């Protein structure tokens, strides 16, 4: 779907989101009965218990059995997960005192967000009110953001997803198909084509899987429905609306991942604003279908995060004992030198290509039965700026090497 369409005036009018999540304040304003043709619902948030949610919604205890009976999907009443939907169909007793919620309602959050966009960025209030009338809050997105793959998998599991013969072969085909543009981008920015190809291979399977969620739904769901990441995603929602205004894009059209990452390179809105590039000079930064812009945007991202042209990414090192554990540290930024590691008598064997003064990060990767040790250099750290996971960066690096090796064999 082409996103570069004529800018059109968006017509507006307000209300809660069309798929509404009941919150404490919303419960206070609920009529005597919930709409029979459209059951009201509450999405379990981080830290909620089922009983705590009922109390937060000010639901009378005599209504609980009926509500539980209409939610057979809840198997364990003492164990609900963020993103679980509780359908509420019982008449609410308005004679009971209203709850005094500790968190703002969905409506309050949306109205506060609109206030900020009007005040800080000169958006039209009526326009934003109508826009949010069509936004949907989606429980599966909250479940997905609660359990990202990088936090659930170890290296030998993670690599099986991305370092497959098929993905490597298709990386070669993709590179050959776009070789001219990739070469020009590499020459201009100094970021190797194999890294750009591998990023796209990991992110979207070479542009084939870019996500089916409307970006505005994904960002609004997490911003307004997942307090743990509220600050970050509220800002991303702001940046998304700004980029749609500046690039003349209808905000209801772009689709992406469950976290709101967009296009072939899966840029978050703030990354688009800061790093997206117009490589062909058409005054558009099209990361959805213009591969020149896509490649240049990825390269620009890396250069802005201090990618070092023609320099290595990482080296695997050999270890004889577990003494290396003493040198492992938090974070991903190179924080020591080869010389400093050698002085610690860790029984490590270093590649000859490394200089004593090179700044490195000692990294541990779990195989099925063994441990791999790697030294990440500045370029490895630059990859982690794209996704703050050492598993991700290692997958990109190893995929890039495998694609490059196979391409050379085919040339």
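Points to keep in mind about this one:
- Checking each residue of the stretch 246-257 against the condition of being crowded, with 24+ Cβ neighbours inside 10 Å, part of a strand (DSSP E or B) and either at pLDDT 95 or above or outside the structural domain of residue 85 (by TED's automatic domain parsing) (or both) gives at least one match.
- Of the residues making up the stretch 115-165, those that are farther than 22 Å from residue 214 by Cβ and in contact with a strand residue (DSSP E or B) (Cβ under 6 Å, 6 or more places away or on another chain) are 154, 155.
- Of the residues making up the stretch 69-86, those that are surrounded by 15 or more Cβ atoms within 10 Å (Cβ to Cβ) and not in a loop (DSSP other than H, G, I, E, B) are 85, 86.
- Candidate set from the stretch 40-68 (those that are closer than 19 Å to residue 142 by Cβ and surrounded by fewer than 16 Cβ atoms within 10 Å (Cβ to Cβ)); member that is modelled with the lowest pLDDT: 46
- Test: residue in the stretch 179-190 that is farther than 23 Å from residue 382 by Cβ, touching a residue at least 24 places away in the same chain (Cβ under 8 Å) and out of contact with any helix residue (DSSP H, G or I) (no Cβ under 7 Å at 6 or more places or on another chain): no
- A single member of 113, 162, 132 is modelled with pLDDT of 95 or more, touching a helix residue (DSSP H, G or I) at 6+ places or on another chain (Cβ under 7 Å) and within 15 Å of residue 223 (Cβ to Cβ), and it is 113.
- Residue 296 passes every criterion in (1) surrounded by fewer than 20 Cβ atoms within 10 Å (Cβ to Cβ); (2) more than 16 Å from the chain's Cα centre (by Cα) apart from (1).
- So residue 196, is it within 22 Å of residue 395 (Cα to Cα), at pLDDT below 95 and part of a helix (DSSP H, G or I): no
The values are calculated or read from the model by the stated rules, or taken from the named source; none is laboratory data. Model, not experiment: these values are computed from the prediction. Here Cβ is always computed from backbone atoms with ideal geometry, including for glycine, and neighbour counts include all displayed protein chains.
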